[in-house]
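Heads up, the thing below is written out as structure tokens.
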Amino acid sequence: MKASQSIRSVDKELSVLGLTNVASGGVLTVTTSSFATAGLDLRGGTLTAPTLVDFGSVNFSSGTLNVTAAPGVTIGPGSAFGESLTLDSSNTLSVTYTTTIAANGTLTVDGATVTTGPLINNGTFNFSSGTLTVKAALQVESGALLGGTVVIDGSKTLQPDYLNVGRTSDGSLSIIDGGRVNVADQFTSGTNEGAHSTVVVRGFGSKNDVGCDFRCGRKGHWLAQHQ
């Protein structure tokens with residue numbers, strides 16, 4: 001099935017025995033809860049689908065992919081994406097529910113725009129550049145998704161609903177050289193006993209936008225620097 005230079009909306013059960021191609025300018029929206037295809041080749045178009053559970057494989061070279069229903073998206077061995085998924089500036093991924101990086105799976109965001117619910121990492125996650133929006137809590141500390149030392153420079157925008165820096169162990173967040181961190185609901189820093197938290201904002205255009213509840217240093221140790 002091909003969707004090219006047209007808009008197609010499907011509200012009934014859809015099963016494609018062959019490859020589903022969504023080329024540049026093509027828009028395919030599937031609103032039914034059941035969509036199965038032997039494979040997806042997304043090259044510049046836009047696909048909105050409830051899940052990828054019944055997809056044989058996915059080639060997401062460019063374009064926009066919206067996944068709207070539970071369980072969300074999984075990257076790793078045996079998934080539609082395979083073991084590794086790299087998203088660059090030609091990719092936009094939106095996942096309403098959970099994005100899971102399975103054991104031995106790798107997700108790299110390198111210039112892409114990615115929006116997701118919870119982002120669970122049991123494999124490898126790389127945030128090289130681009131815009132990452134997480135509709136859930138993110139921690140900045142050892143063992144967390146982003147690690148204990150996070151640098152957001154001008155090539156990155158980080159937008160979590162909740163951000164905790166140094167919640168249970170030491171954490172350091174540096175926003176430098178035009179980097180942006182926009183927290184939607186709550187930013188906490190150094191809130192637990194024994195945890196050290198450092199937040200640095202440095203360089204022209206760098207911004208820590210906390211249009212939300214901001215809590216710091218209730219039990220832990222908190223240091224903020226604006227340079």
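Could you check, for the range 105-119, whether at least one of its residues is under 22 Å from residue 70 (Cα atoms), part of a strand (DSSP E or B) and in contact (Cβ under 8 Å) with a residue 40 or more places away in the chain? Yes - at least one qualifying residue is present in the range 105-119. Scanning the range 85-94 for residues that are surrounded by fewer than 20 Cβ atoms within 10 Å (Cβ to Cβ), of a type outside the set (Gly, Ala, Ser) and assigned to a strand (DSSP E or B) turns up 86, 92. Selection over the range 63-77 of residues that are in contact (Cβ under 8 Å) with a residue 40 or more places away in the chain and either assigned to a loop (DSSP other than H, G, I, E, B) or over 18 Å from residue 122 (Cβ atoms) (or both) gives a count of 2. Looking only at the range 154-203, residues that are farther than 21 Å from residue 129 by Cβ and among the hydroxyl-bearing types (Ser, Thr, Tyr) come to 8 in all. For the range 45-61, the set of residues classified as in a strand (DSSP E or B) and within 17 Å of residue 84 (Cβ to Cβ) consists of 55, 58, 59, 60, 61, listed by residue number. Is it the case, given these coordinates, that residue 82 is in contact with a strand residue (DSSP E or B) (Cβ under 9 Å, 6 or more places away or on another chain), in a strand (DSSP E or B) and of a type outside the set (Lys, Arg)? No: the conditions fail for residue 82.
The rows are residues; the columns are (1) farther than 24 Å from residue 175 by Cβ; (2) in contact with a His (Cβ under 9 Å, 6 or more places away or on another chain); (3) crowded, with 16+ Cβ neighbours inside 10 Å.
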residue	(1), (2), (3)
65	yes, no, yes
83	yes, no, no
105	yes, no, yes
120	yes, no, yes
135	no, no, yes
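The set of residues in the range 80-114 that are farther than 15 Å from residue 155 by Cβ and among the charged types (D, E, K, R) contains only 83.
Report yes if some residue within the range 144-167 is on the phi < 0 side of the Ramachandran plot, over 19 Å from the mean Cα position of the chain (by Cα) and buried (at least 18 other Cβ atoms within 10 Å of the Cβ); otherwise report no. Yes, the range 144-167 contains at least one residue that is on the phi < 0 side of the Ramachandran plot, over 19 Å from the mean Cα position of the chain (by Cα) and buried (at least 18 other Cβ atoms within 10 Å of the Cβ).
Scanning the range 128-157 for residues that are part of a loop (DSSP other than H, G, I, E, B) and more than 16 Å from residue 196 (Cβ to Cβ) yields 145, 146, 153, 154, 155. Within the range 83-100, no residue that is over 21 Å from residue 135 (Cα atoms) sits with its Cβ atom under 6 Å from a residue that is surrounded by 21 or more Cβ atoms within 10 Å (Cβ to Cβ) and of a type in the set (S, T, N, Q) at 6+ positions apart or across chains.
Throughout, read-outs are computed from the coordinates displayed, never taken from laboratory work. Everything quoted here is computed from the prediction, not taken from an experiment. Note that we place each Cβ from the backbone using ideal geometry, even for glycine, and neighbour counts take in every protein chain shown.
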